1. Could you work out the mean count of beta carbons from other protein chains within 10 Å of each residue's beta carbon in B:179-186?
2. Starting from the exponent 0.38 and prefactor 2.2 Å, build the expected Rg for the stretch B:167-281 from its residue count and divide its actual Cα Rg by it.
3. Seen from all sides and averaged, what is the projected area of the convex hull of the Cα atoms in the protein assembly as shown, in nm²?
4. What average number of partner chain Cβ atoms lie no more than 10 Å from the Cβ of the residues making up A:321-330?
5. Over the Cα atoms of the stretch B:1-137, compute the convex hull volume and normalise it per residue, giving Å³.
6. Using 10 Å bins from zero, what percent of all Cα-Cα pairs in the stretch A:369-455 falls into each bin?
7. Compute the semi-axes of the equivalent ellipsoid of the stretch B:299-371, taking the square root of 5 times each eigenvalue of the Cα gyration tensor, and list them largest first in whole Å.
8. Would you compute the Debye intensity of the stretch A:97-177 from its alpha-carbon atoms alone, equal scatterers and no solvent, and pass along log10 I(q)/I(0) at q = 0.11, 0.14, 0.19 Å⁻¹ to two decimals?
Amino acid sequence: MMILWQTAHGPGNTRIVRSDKRGKPLPEVLAELNGFTGRVILDLRGLAAATLEPADKEAQALERGKLQACVADLPHMTVAVMDGTVQGLAFDLALCCKYRVATPDADIFCQGPALGCMPPGETLWRMAELTGLDVFFRLLVRQKPLSVESARKSGLVDATAIPGILLDRAAELSPVRRKPKKRIYKTALGRMLFKNQALAELKARGASQAAVLAVSLFFDGQRKPRHQRMALVADAMGTLAASVESRHLQRLHHVQEAHMTGQDMDHERALVIMGEGGWEWAGLLALYGLQVRWCCGEEKVLADGLCWLSRQLERFLPQRHDDALARITLSTQVDHGGAGRSLVVSDAPDALPEGLAAQLPADALCVQARHARTWQDALASSPPGLTTIFLPHDPLTSRVAAVSSGDDKNAGRAASLMKGLGFLVLPTLEASACFSALAGLEDAYNRFVQSGQSELHILQSMHAFGFATQAWVRRRRIYKKIKAAPPDAAYDLVCGLWKGLRDCDDAGLDKSLVDLAVILETGFPAHRGGPYGFLEQIQENPMILKTMGLGKQLMP
Amino acid sequence: MTWRIAGGARTPVGQAKGLLGRVPPMTLAAQVCEETLARTGTRPGQVGRLVFFCTTPDSLPPFAARLLARRIGLNPETPALMLTEDDVAPFIALTLSGQLEGPLMLAGVSSASSLLGQTSGGYASVDRTRFNPDTGNLITDDAEALAEQCGLTRSALDQAALASSQAAHKAIKKGLWTRDMMPVLPPPDYEGFVHQDQALQRETTAESLRALKPLRPGPGGLITFGHLALPGDGACCVLLAPAGSGGPDKAGTLVSQAGVWGETEKTGGAAFAVTQVMAASGLAPRDVSQLDLVEKSAAHRLALVDALDPCWAPKLNKAGGDIAVGHVGAASTLWHLLALRHCLADGQAALLAASSAGLCGACLIRQEGAP
């Protein structure tokens, strides 16, 4: 999609260049600035959402490279202003400006490699020049967003301002002389050392081909002129466009966009009436900012639960520990406390006690929470009107849910709640397939553990085999340094997963959705495309089967 | 303005640096407020005003009342104020709260633990909350001065402390003090709930009190630790609904005639507040079945009896005294209010009085209808 631009007079002796449907292509707009001696402010705030995505086609990458060159070659003092999520074209153009001003809550991403694309033009080299290798690795290798505070420290952002005065700040920004960064990686020895380090880290992370290609290209193109770099990037983009991995990543990205965004949670106060496992729901809701009252008749369950929650938060989210725990109040009384609570989560099979139900507001959403293993039975036995949420694991580690209700309105509200909490809500057919596959995986996992296999060994095996990311291993709470382990356990586990998928009727099944669900739930690496995607990949290339020793198990 | 006690909750009283000291004071306050809303079946949006009392404001973040209001989910339009005048603060809140459409939420918290060992402006931080702004005396010196002024003897002080302690144990046995208690689960290990007052002195006897050494060395020293209500940790919240002119709103435990006055030597501490409230209500001492004083020390207790008509002596602190349990500032006043709700029979009236921060205050409590 061609993006059109327009210039306007800004504060003082400045011109603002921003996207506008009625405008002209960027090179033409910039050409009009010939003779203008003031400052050019590139306003990147208004870029349409579609243009925020990375360039995923060879021609588009070339086009973006040209736009970057236009901005970088301007003789004026150029200042980019950024707000919200800065990625894709906005990120590429911001790097070409001489200075950058952002709002304090902006987030900066280099999203390309996560979607199987190459950062276009000279983005790779500009990024490293500005930020140094540390931040470069963070953005590219570790695929983590950069906060404005970190960006300012690293030199990627020169000043911050609240949205109302962002343009004024850009107009009055004094040119600053940046301290030159160490460029050890520009020497032959430095290039070799850092390249090996980055590639080793990517391998340990089980990173996608795009990330590996981007890092290799960055080091290999260090001493090449601009036109050769652009050609290298275009070639790499062509290679990636034909790769299965990129296709998987982009397909999953689109499924994720379609099913997991656009929902807001409007609940402020929640009541959790649960025994064992109530702490997980209380913790989840408190982490999302709700005031939670957790009721359970047994004091020991409450005390143990809060202790568990505190330990989990200390370990995984220490910065949110105090805040989340402060939102939870406990009670051993389950018959009051409903006044002003717009959400009730319960594990009881029956309706709520009458006294409590009378206290709740008329529009309160009451849901039952159940484990997905009871999915088929519960679907058959659920009384009409009762809304049930099924999760494959506990709510703190699950990312997938299914909702069942005889009442469409309630089901919609429950689905909206779960999406607001960051879950992928599956339709019935996909949920059956997904839960059956996950149950197969869990059964195989339990068999290994019962046979005396160390849990760490199983996880290392999964990771070494490329079926689990480090993040997933961490979530299983036994994170240690990932070592290579024989993939024996992984074969059986993954076969359990596929067996579960094959057992379900796939007529009309949205396989992308199941793949995404399994990726979110198990840590299956996204670039392998989930179990269906991976099966498709290895069937295209029997050599993979041979090297992985999976031929007998998977091929008919 | 007449208010009806809709309900409330309190935490146990914790010893300074004890189990409750591990819970941040704001969390304690939020927990009692949440519990009060739950027990009274009140939606946060219904609350008309929140008045937050804290004798140890150094232990709280800035704008604590507003933060508390947001944390418990009150409407952003609901005013939330903070008072730091120790025991009399609830009377100030009642005096200043005019006609409100919604209930008035009074919440108090005190955290001696967070201040113990800290100094500020030459004082130990915890002592700053326990001194008389008129005389500059700490509580012990104040009690010594009162003892000297009223001619109290060591044995009289010991007896008063013992009577207070026995009344407290009796009240706990009857459930007057424990009925509104909510258990607290202290971090970091969350090993178990705290159900009972941690600071409660269980084995106070005449002998044990006699054996204590005076806190001020020298020939004139009378006051011992056994005579003082020691500062502790705890929180209490009471929800007061505006009582209508009649009908169902008028039934229940009603609070009225609240007032606050400056305390001078002439006014005789809380005694002045008691006489003022009695005069305003038009009641005679025989119409009032109980007089509850938020005790700071045995000397304060005896000084009140000394300043009032002797007929008040048997009515004093029948619902329990603070010396055996500890003192948590305005939260102590609030839990006395809750305890009185449980011990008054239909048609009975009681007075609640306190003196602190150079002020004295009192209010009348009546039980209308079956308790």
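1. Per residue, the average neighbour count from other chains is 3.
2. So the stretch B:167-281 has a normalised radius of gyration of 1.52.
3. Approximately 47.9 nm², given one-decimal rounding.
4. Per-residue shielding by partner chains comes out at 4.
5. 117 Å³
6. All Cα pairs considered, the percentages come to 17, 46, 25, 9, 2.
7. Each semi-axis is the square root of five times an eigenvalue, giving 21, 16, 12 Å.
8. -0.31, -0.49, -0.85
A short reminder: the numbers here are calculations on the coordinates, not readings from a lab. These numbers were taken from a predicted model, which means no experiment stands behind them. All Cβ positions, even for glycine, are placed from backbone atoms using ideal geometry, and neighbour counts span all protein chains on display.
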